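See below for the structure under consideration.
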Amino acid sequence: MNNTAASPMSTATSSSGRSTGKSISFAAELQSMMFSLGDARRPLHETAVLVEDVVHTQLINLLQQAAEVSQLRGARVISAEDLLFLMRKDKKKLRRLLKYMFFRDYKSKIVKGIDEDDLLEDKLSGSSNANKRQKIAQDFLNSIDQTGELLAMFEDDEIDEVKQERMERAERQTRIMDSAQYAEFCESRQLSFSKKASKFRDWLDCSSMEIKPNVVAMEILAYLAYETVAQLVDLALLVRQDMVTKAGDPFSHAISATFIQYHNSAESTAACGVEAHSDAIQPCHIREAVRRYGHKIGPLSPFTSAYRRNGMAFLAC
């Protein structure tokens, strides 16, 4: 794979080398998702379009990587194992994915009408039928885990600080809402890519792929797409906070100057100028968040992924 696909700002067509269903748009859904994740009640359309482009580009590149892993395994489809392999180096995000897979199994059993006693019994006995996704993950990680670190994550009850911060932010967000706003917020929180599975598959243009993702892989990709949106919002909110000049802080002007120097185009200047009149995340906040995430520079290093491929820092894994 060449490095021209490395930029998360590049178009989906150039990053994938094929048509990728960009006529299909999730911009409207993304605006609602961004609101539920901490953005203003009416997120900017141009920001949602940019977020969609970043997410789409990252998932297309992730699919390409997963297809390569699948070929090396001699498999005919992209499966959960291929995505787990790509995520193995970031323990925190892998742990988060494993919890998601557990809750997907749990939800499936609830939908099928299995009662709580059976659920507990299945968990204790490790029933493969009841815990399909969990068993896939456990069997695969067991096959590649030489130190026991990966398997230990199944028993790890460590608090997810990122999820905790998102929940606290949501709680603060709802304090000032009236009943209508809160109802809208709750509805937005229920949105996900997995609830629009057919549209999501078309958006990624899976039908044109030689090696296609199976059902469980598509569930994981939908989860990773939402996590990418969530992380973009997390980082953009931090960027926006950094850009606010703080009274008595001699470094705040320097931080802002760096930001302005990076965004010296007319488009970025105009976008940042809106900030004074709106508390919505601006496109320039997203661009700066992605730039920081992709470059390990001193105090900004927490933005940086645990690893990267072909120069591209993947946000969700």
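The values are calculated or read from the model by the stated rules, or taken from the named source; none is laboratory data. Note that this is a predicted model, so its numbers are computed, not measured. So basically every Cβ, Gly included, is an ideal-geometry build from the backbone, and we count neighbours across all protein chains shown. We work out accessible area using only protein heavy atoms, side chains counted, and drop any ligands, DNA or RNA first. Shrake-Rupley method; radii C 1.70, N 1.55, O 1.52, S 1.80 Å.
Within region 252-259, does at least one residue satisfy the condition of being touching a helix residue (DSSP H, G or I) at 6+ places or on another chain (Cβ under 6 Å) and modelled with pLDDT of 55 or more?
There is no residue in region 252-259 that is touching a helix residue (DSSP H, G or I) at 6+ places or on another chain (Cβ under 6 Å) and modelled with pLDDT of 55 or more.
Output yes when any residue across region 201-212 is surrounded by 14 or more Cβ atoms within 10 Å (Cβ to Cβ), touching a residue at least 40 places away in the same chain (Cβ under 8 Å) and either within 22 Å of Arg96 (Cβ to Cβ) or of a type in the set (Ser, Thr, Tyr) (or both), and no when none is.
Yes: one or more hits.
Does at least one position in region 165-184 carry a residue that is within 18 Å of Leu94 (Cα to Cα), free of Cβ contacts under 8 Å to residues at least 40 places away in the same chain and acidic (Asp, Glu)?
no
In region 20-90, which helices (runs of 4 or more DSSP H) lie fully inside it and hold 1 or more residues that are basic (Lys, Arg), surrounded by fewer than 19 Cβ atoms within 10 Å (Cβ to Cβ) and in contact (Cβ under 8 Å) with a residue 12 or more places away in the chain?
Details: elements: 27-37, 45-73, 80-87.
Hits in region 20-90: none.
Name the residues in region 118-134 that are part of a helix (DSSP H, G or I) and at pLDDT below 90, would you? Explain how you work it out, then say what you get.
At the first step, the residues of region 118-134 found to be part of a helix (DSSP H, G or I) are 118-125, 132-134.
Once the filter is applied, which keeps residues that are part of a helix (DSSP H, G or I) and at pLDDT below 90, region 118-134 yields Asp118, Leu119, Leu120, Glu121, Asp122, Lys123, Leu124, Ser125, Lys132, Gln134.
Quick one: which residue in Val239, Val215, Val233 is farther than 14 Å from Leu59 by Cα, open to solvent by 20 Å² or more (accessible area, probe 1.4 Å) and of a type in the set (A, V, I, L, M)?
Numbers: Val239 fails: open to solvent by 20 Å² or more (accessible area, probe 1.4 Å); Val233 fails: open to solvent by 20 Å² or more (accessible area, probe 1.4 Å).
None of the others qualify; the one that does is Val215.
May I ask you to list the residues in region 174-206 that are more than 19 Å from Val55 (Cα to Cα) and either in a helix (DSSP H, G or I) or touching a helix residue (DSSP H, G or I) at 6+ places or on another chain (Cβ under 8 Å) (or both)?
Result: Thr174, Met177, Ser179, Ala180, Gln181, Tyr182, Ala183, Glu184, Phe185, Cys186, Glu187.
Quick check: is even one residue across region 96-115 open to solvent by less than 30 Å² (accessible area, probe 1.4 Å), among the hydrophobic types (A, V, I, L, M, F, W, C), out of contact with any strand residue (DSSP E or B) (no Cβ under 8 Å at 6 or more places or on another chain) and at pLDDT below 90? I'd like the intermediate steps shown before the answer.
From region 96-115, those open to solvent by less than 30 Å² (accessible area, probe 1.4 Å) are 96-98, 101, 105, 109; that's our starting set.
From the residues that got through so far, the ones that are among the hydrophobic types (A, V, I, L, M, F, W, C) too are 97-98, 101.
From what is left, the residues that are out of contact with any strand residue (DSSP E or B) (no Cβ under 8 Å at 6 or more places or on another chain) are 97-98, 101.
After this cut, where a residue has to be at pLDDT below 90 as well, the list is none.
No, region 96-115 contains no residue that is open to solvent by less than 30 Å² (accessible area, probe 1.4 Å), among the hydrophobic types (A, V, I, L, M, F, W, C), out of contact with any strand residue (DSSP E or B) (no Cβ under 8 Å at 6 or more places or on another chain) and at pLDDT below 90.
Only one of (1) open to solvent by 60 Å² or more (accessible area, probe 1.4 Å); (2) in contact (Cβ under 8 Å) with a residue 40 or more places away in the chain; (3) of a type in the set (D, E, K, R); (4) farther than 26 Å from Phe140 by Cβ fails for Lys195. Which number is that?
So Lys195 meets the others, but not (2).
Does region 219-230 contain at least one residue that is closer than 21 Å to Lys92 by Cβ, open to solvent by less than 20 Å² (accessible area, probe 1.4 Å) and not hydrophobic (A, V, I, L, M, F, W, C)?
yes
Quick one: how many residues across region 143-170 are farther than 21 Å from Phe103 by Cβ and open to solvent by 60 Å² or more (accessible area, probe 1.4 Å)?
4
So which residues in region 195-231 are under 13 Å from the mean Cα position of the chain (by Cα) and polar (S, T, N, Q)?
If the condition is that a residue be under 13 Å from the mean Cα position of the chain (by Cα) and polar (S, T, N, Q), then Thr228, Gln231 are the ones that fit.
Check Ser14, Ser23 and return the single one that is farther than 18 Å from Thr228 by Cα and at pLDDT 50 or above. Steps first, please.
Numbers: Ser14 fails: at pLDDT 50 or above.
Within the list Ser14, Ser23, the selection yields Ser23.
Need the failing condition index for Asp202 against (1) closer than 30 Å to Gln64 by Cα; (2) touching a Lys or Arg at 6+ places or on another chain (Cβ under 9 Å), just the number.
(2)
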